[in-house]
1. Translational diffusion coefficient of segment 144-282 at 4 °C, 1.567 mPa s, Stokes-Einstein with Kirkwood Rh over Cα pairs, in µm²/s as a whole number.
2. Given the pairs Lys468/Lys567; Lys468/Lys546; Lys192/Lys290; Lys494/Lys546, which span a C-alpha to C-alpha distance of over 27 angstrom in this model?
3. Find out how many positive minus negative residues lie around Asp102, taking Lys and Arg as positive, Asp and Glu as negative, among other residues whose Cβ is under 15 Å from that of Asp102.
4. Per residue and in cubic angstrom, what volume does the convex hull of the Cα atoms of segment 443-564 have?
5. Measure up Lys32/Lys111; Lys495/Lys580; Lys553/Lys590; Lys32/Lys221 against 24 Å on the Cα-Cα distance and list the ones that go over.
6. Quick one: Karplus J couplings for segment 457-467, per residue in order, coefficients 6.51, -1.76, 1.60, θ = phi - 60°, nearest Hz, x for Gly and Pro?
7. All other residues with a Cβ under 10 Å from the Cβ of Lys193 taken together, and with Lys, Arg as +1 and Asp, Glu as -1, what is their net charge?
8. Within segment 161-264, report the trypsin sites (Lys or Arg not before Pro) that DSSP leaves as loop and that have at most 13 other Cβ atoms within 10 Å.
Amino acid sequence: MLKCKFKYFTFIILIILLLIAGQGKAQSRSTKGTEFWVSFMENLGFGVNLLPTFHIFINADVTTHCTITFPASTYSSSFTVNAGETYDFRMDTSIYLYPIGDDAISKKGIKITTDNPVEVQAVHYREYFSDGTLVLPTSELADHYMISSSVDTIIRGAPLGLSEFVVLATVNNTVVDINLAHHSTKGNLSFKKTLNAGESYQVQSDTDLTGSTITEENGNKIAVFSGSTYTYIYCAATSHTYDEDIPMKYWGTYFAAINLKDQVESYGRILAANDSTIITINCKTITINKGQFYSIYFSIPQIISSNKPIQVIQYVEGGACTTSPNGYGDPNMIILQPLTNMLQGYTYYHPPYYPLPHIAPPVSGVYLTIVCQTKDTGRITLNSSKIGGSFSPISENPLYSYNRLETDTLNQTIYSDSFYYAYVYELAEFDAVTYSLGYVAQRPIVSNYKPPTPFNYDTVICGGSTIKLHATGGATYLWKPGNYTYDSPTVTLKKTTTFIVESIAANTCITNNDTVLVTVDDKPGPPVIKYATVKNDKEIDISFLKSDSGDVKSYGVYRSTNGAAYKEVAVIANFSNANKAYLYADTTVKADSYNYTYKIVAVDSCGGGLDTSSKQTPVLLKGKAVERRVILIWTKYIGYAYDTAVVEIYDTL
């Protein structure tokens, strides 16, 4: 009995140790959690453009119990969110849930707790002045932030809104050290503020506060939300901007910014966390320092990368910038997640369609943007329907693709067993709402895309010949030497040349290189005639040595008769034996009547053979004995006046 108890006890200890070990493993960061803090910011004056409505969207994978409280007050509400459901919790419209004015504290910071992990978005609806945000769980909060805001990019004579941010404390005795990029409306610049859990502190300025920093002195987690009361973004009219800031330690270096559907262009800002931050956008490189931002306007998807952490903010421009006659959209902001932050599996969300019961919903479009690796597009479904066919590669990095879908206003379900990034937005009549759908895992960036390797091959040509080079796989090309910018340049070469061709993908500076070696084979050197001799009056033998050129296709035997033009009398294929000499017998001669001169031409594979051997002229020589003399007789040689000679014989021949 004791032995059994000991085994049972040992078994329990092992289970406990395994559980502890499991807890020690690194966990993926996720925007799904069981505790969230959210604060709204000041919009228009309370009651202007009708009363506001405040919405908390809670998305649950499994059925869960949820409680919403104001920790700085006595408010509390509980409810159940069913599995696969997005629950729309509407706050009381008779109160305003944000601080009023600069240097203001509100006790209406909201805390959300659940039994099981959920994802949360918050939306502040106001007629023509709405916006929303992804809400980060407490696990994703930190103690150090740099905020992104917005003020009028073009002033059109209308009253300016205010740049603003809100700091929300999650524990009592939170001490925040605030350093502003510009003075607040009350003249503050660098100062401290102490808050208790659920208290939110608002800062406002008539100058852009982007780049301001907030640090909690004791390492306590805080939530920060920023934007503007209302602002222009390039086109009329104004609207509220609002989004939760990402802690600086979670900023990224690689982003995809997808231009919004039904707008002429999108506006973006890139904010630097450090000095000497080098940013690359569509082949252009920009360097900015800590707290500075760079603005871009874009009408095609952009890949934004950097050597140091950055934050990328995408803005909806004013409704006058729309491609629709209904004035879709108005200023809004969404802080983009780096492409390391990805979703996987099921994602449930409620489109931010106007849920105001007291006004008729204006004409609007509800959109979903999804980014994923191109190889995974066929694995993504929306409401159980495959959508892979409507993805398009991002030209700056075709390893990633994007999809911009217009959806209905019902609850939506995205699914993929691979990884993806998504955000939603509504473009209503001179209004908009945007928010991210978050992330559940961190994935490595895939940025090693190269366009297809140019198709080239090494080849040999003859000196002075032309060749048509050829490359495929790019949208444009650059050949060097020559600086040719098309796929198939024709060149004439006198010497061996190595060409480098760079293929460039469409709308990008991504390149791939290849080389092609064009060897110019100079015409072969002359073969050397060893001798040319008359064997008899009907045969002349010519012996010659092979050319030292590596490219000889054949040898041409050329003959001149009595000084006339040379004519080819024989073609001898290049001999491959080890002997260096070749003997050719010309049997089409009358050596007793004509004189002949020979030359040998080595012909290369291109048919070239200008270089020839030295010429040889054999002569038929005959002798006739006359007493003690010999008369030598030969065919009269061109340029020589005699054809006979007498030789005295002193010895017997």
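What follows is calculated from the coordinates using simple rules that are stated; it is not laboratory data. This is a predicted model, so every value here is computed, not measured. Here Cβ is always computed from backbone atoms with ideal geometry, including for glycine, and neighbour counts include all displayed protein chains.
1. It comes out at roughly 80 µm²/s.
2. Numbers: Lys468/Lys567 34 Å; Lys468/Lys546 32 Å; Lys192/Lys290 21 Å; Lys494/Lys546 25 Å.
From the list (Lys468/Lys567; Lys468/Lys546; Lys192/Lys290; Lys494/Lys546), the Cα-Cα distance tops 27 Å for Lys468/Lys567; Lys468/Lys546.
3. Around Asp102, the charge tally is -3.
4. Values: hull volume 18.0 nm³, N = 122.
So the per-residue Cα hull volume is 148 Å³.
5. Values: Lys32/Lys111 15 Å; Lys495/Lys580 28 Å; Lys553/Lys590 30 Å; Lys32/Lys221 17 Å.
In this structure, Lys495/Lys580; Lys553/Lys590 exceed 24 Å between Cα atoms.
6. 8, 6, 8, 10, 10, 8, x, x, 7, 9, 9
7. Working: positive: Lys192; negative: Asp103, Asp177, Glu199.
Spelling it out: positives minus negatives among the neighbours equals -2.
8. When the trypsin sites (Lys or Arg not before Pro) of segment 161-264 are filtered for loop state and at most 13 Cβ neighbours within 10 Å, Lys186 remain.
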